[in-house]
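For reference, the structure discussed in these notes is given below.
The values are calculated or read from the model by the stated rules, or taken from the named source; none is laboratory data. Keep in mind the model is a prediction, meaning the values are calculated, not measured. Note: ideal-geometry Cβ built from the backbone for every residue, glycine included; neighbour counts use all protein chains shown.
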Amino acid sequence: MGTTTMTLPQARLELALWQAEADIASSSDLYIRLTEMGLPSEVAIRLKELLEWAKLIGNKMISIGKIIVLKLIEFIEKHPNLATGMALGAAVSSLIAAIPFLGPILAPVALPLGIAVGAIACHHVDKTQGGKMNGGLGVIDIAQDVIEIARAFFQLFIETLTAISAEFSPQA
């Protein structure tokens, strides 16, 4: 389970490929894709604002916002049930928060707990559909699921940030 470190030329190539993908994708198309994935329109609008964020790095304009959103879409497409479970968990927690008197007390606990339970439950569905399910639901299995979810999610951002940060290094 060792990870390989990207070399500077590999990171630059990866960033160039991501930038080419970002150049092809229009902000409107990405917004439509986000809403079709079931994202609430408020979240999609916030992400659409991120799409416009670009930064001049060296002598190139890099669409950092589009790259991040494209990577998020890629993650959601690879783990569709996980994303659904997180959304359902967030929705249930907002319903709990709406309960008179108890809602404001339960809300700080309900949100992270709802998202975590929804993510873990639906991660099991993703694993079952992928044929990687062992069948266990014990504490160790749940802990492994949490680690798998975190690794998959953060690996995506580590790769993205590594490639982008390579552009801040002096040219070789």
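Here are the numbers for the structure shown:
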read-out: Tally of residues being of a type in the set (D, E, K, R) and modelled with pLDDT of 80 or more across region 71-107; value: 2
read-out: Tally of residues being in contact (Cβ under 8 Å) with a residue 40 or more places away in the chain and either closer than 16 Å to Glu42 by Cα or touching a Ser or Thr at 6+ places or on another chain (Cβ under 6 Å) (or both) across region 81-102; value: 1
read-out: Any hit, region 57-78, residues being aromatic (Phe, Trp, Tyr) and more than 21 Å from Ala150 (Cβ to Cβ); value: no
read-out: Residue check for Lys55: without any contact (Cβ under 8 Å) to a residue 24 or more places away in the chain and surrounded by 16 or more Cβ atoms within 10 Å (Cβ to Cβ); value: no
read-out: All positions within region 27-39 that are surrounded by 12 or more Cβ atoms within 10 Å (Cβ to Cβ) and out of contact with any helix residue (DSSP H, G or I) (no Cβ under 8 Å at 6 or more places or on another chain); value: Ile32
read-out: Condition check for Ser26: at pLDDT 80 or above and small (Gly, Ala, Ser); value: yes
